[in-house]
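Each remark here refers to the structure printed beneath this line.
The values are calculated or read from the model by the stated rules, or taken from the named source; none is laboratory data. What you see is a predicted model, and the numbers here were worked out from it, not measured in a lab. Cβ placement follows ideal geometry from the backbone for every residue including glycine, while neighbour counts extend to all protein chains displayed. Protein only, heavy atoms only, side chains kept; ligands, DNA and RNA dropped before computing areas. Shrake-Rupley method; radii C 1.70, N 1.55, O 1.52, S 1.80 Å.
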Amino acid sequence: MKKVLIVDTSYPINSRTSKFRSSLAKEYDVNVLAWDRKGTERSSPKGYTLFKMRSEVGNRLKKLILFPLFTFFGLKVFLKFKPDMLFLSHWDSLFLGCLMKILSPKVKLIYDCLDMPAASNSYTLKILRCLESFCLRFTDLTIFASRYFPECYDKRLYNIVFENYPSKLLLQNNYGKPEWYEHAESMKGAGKTVVSWVGVVRYPSVLKRLIESFGELDMQLFVFGDGPSLDFAKELVEQKELRGKVSFWGRYNQCELPYIYKVSDFIWAAYPTNNLNAVYAISNKYFECSMFDRIPIISSRTRMADDLKVNFPGNVILVDEFDVEDIKGKLVLAESGGFTFRRYQEIEFWEDRSEELMDQIRRL
């Protein structure tokens, strides 16, 4: 059986990489090399090899300083495991994968372009993009997580677009109600419209505007998830005295998503468009809202919005994510019935689309 080493610079690995791991494990011997940046795991779970060193998510300087140690650790894991293929999640893993391929040129390199390199400084961004472009010469297959990403890359690059399709498992609902569900449902039962943030709690510039907009709204904001900006959001809620309007429900499992959408009226999916990824990405919420019959709130300056506002102008909410007044105005309009749900994306499941991807991988 051929071996696959998945490389990721965070642990736990994100839901997309986890689904790739499950798909690959059906045909290959899979091991995951990941960086436990919280440093809380005492031992590596089965099928994982963890690099344990604290580096808070969002602290890019500390990550950069420690990255050579992760690289050295990863090269030792590579030489010990001797994989036939490398599956590299995110652009920062691509650099390590190229070093591994230099050591063993026959290894096949698969790059999952989940996010493009991003930086606030234009010179830093240019350096990162050049580094990524150089490393792409070593790849055998590039997977784009958004239909819009190829616009930013060389058209000669051998690639496949494979977006964040939901799993069929989300519809099985065999896990029972989460502990938080009854409380959240009772709050919704009080007649308040609920807007939910679902996923990694980050982007403080957007979180600030979103939370501030609820100061004058008779609505509820539910925050489901954990992340580097969670403490910032909680402190802002205390500072603005919005504890009665903003609720934090913590980290969740994928199986809880049907319940999250059930207690939500609208789903926030507007992220800072001064980041290139937010402009070109396809959010998980894009597919999930269409599947669970919920209206998404999307930034008006994204490629998603460019397409949706042509055919579905009254079925999605387009906002300026940096403008509190625009957010408030759109949410008031939404609460009064100014938007109606209409399925804007055909439901496509991960399990159905993964066979196409696996065919590409088998040919390598």
Given the chain, what percent of its DSSP beta bridges are antiparallel, to the nearest 5?
-> 0
Identified option (computed Rg and Dmax of the Cα atoms in Å; candidates (1) 21.0, 62; (2) 22.6, 73; (3) 19.9, 65) = (1)
For the stretch 264-364, dividing by residue count, accessible area per residue (probe 1.4 Å) in Å² works out to 41
Picking from Met187, Met85, Met219, which is most flexible by a Gaussian network model of the chain using Cα springs under 10 Å?
-> Met187
Just flag the GluC sites (Glu not before Pro) in the stretch 281-364 sitting in loop per DSSP whose Cβ has no more than 10 other Cβ atoms within 10 Å.
-> Glu346
Could you please state how large a percent of the accessible area of the chain is carbon and sulfur, counting protein chains only and using a 1.4 Å probe?
-> 52
Taking the stretch 180-228 and dividing mean pair separation by its residue count, relative contact order in percent (alpha carbons under 8 Å, at least six apart) = 50
Filter the GluC sites (Glu not before Pro) in the stretch 141-244 down to the DSSP loop ones having no more than 15 other Cβ atoms within 10 Å, then list what survives.
-> Glu179, Glu241
Given the options Arg202, Arg243, Arg156, state which has the largest fluctuation in a GNM of the chain using a 10 Å cut-off (strictly under) for Cα springs.
-> Arg156
For the stretch 145-205 the translational diffusion coefficient, Stokes-Einstein from a Kirkwood Rh over Cα pairs at 4 °C and viscosity 1.567 mPa s, in µm²/s, is roughly 79
Bin all alpha-carbon pair distances of the stretch 1-154 at 10 Å intervals from 0 and give each bin's fraction as a whole percent.
-> 11, 42, 38, 10, 0
Can you flag which of Lys52/Lys82; Lys245/Lys330; Lys63/Lys208; Lys26/Lys108; Lys19/Lys168; Lys82/Lys108 are past 23 Å Cα-Cα?
-> Lys63/Lys208
Which whole-number percent gives the relative contact order of the stretch 209-364, counting Cα pairs below 8 Å spaced six or more residues apart?
-> 21
For the stretch 297-364, which trypsin sites (Lys or Arg not before Pro) are both in a DSSP coil and crowded by at most 11 other Cβ atoms within 10 Å?
-> Arg363
Descending semi-axes in Å of the stretch 67-154, equivalent ellipsoid built from Cα gyration tensor = 23, 16, 10
Highest GNM mean-square fluctuation, the chain, Cα pairs closer than 10 Å: which of Asn284, Asn311, Asn31?
-> Asn311
Dividing the alpha-carbon radius of gyration of the stretch 238-338 by 2.2 N^0.38 Å, where N counts its residues, gives 1.12
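Report relative contact order for the stretch 181-261 in percent, whole number only (criteria: Cα-Cα under 8 Å, sequence separation at least 6).
Relative contact order, the stretch 181-261: 32 percent.
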Give the dimensionless ratio obtained when the Cα radius of gyration of the stretch 185-272 is divided by 2.2 N^0.38 Å.
-> 1.01
Which whole number of Å³ per residue matches the convex hull of the alpha-carbon atoms in the stretch 1-53?
-> 65
Leu79 paired with Leu171, simple spin-label distance in nm, labels 7 Å along Cα-to-beta-carbon | 4.9
Rounded to the nearest Å, the spacing of the alpha-carbon centers of the stretch 164-210 and the stretch 275-339 is 17
For the Asp226, Ile102 Cβ pair and Förster radius 45 Å, calculated FRET efficiency rounded to 0.05 is 0.80
Cα-based Rg of the stretch 22-105 normalised by 2.2 N^0.38 Å, two decimals | 1.11
Inter-site label distance for Leu131 and Phe349 at 7 Å from Cα along Cβ, in nm | 4.0
If you roll a 1.4 Å probe over the heavy atoms of the protein chains, what accessible area per residue do you get for the stretch 30-166, in Å²?
-> 52
The stretch 118-276 - convex hull of the alpha-carbon atoms, volume per residue in Å³ | 147
Would you list the membrane-span-like helices of the chain, meaning whole DSSP H runs whose alpha-carbon atoms span at least 24 Å along their axis and whose mean Kyte-Doolittle value is at least -0.5?
-> 60-81
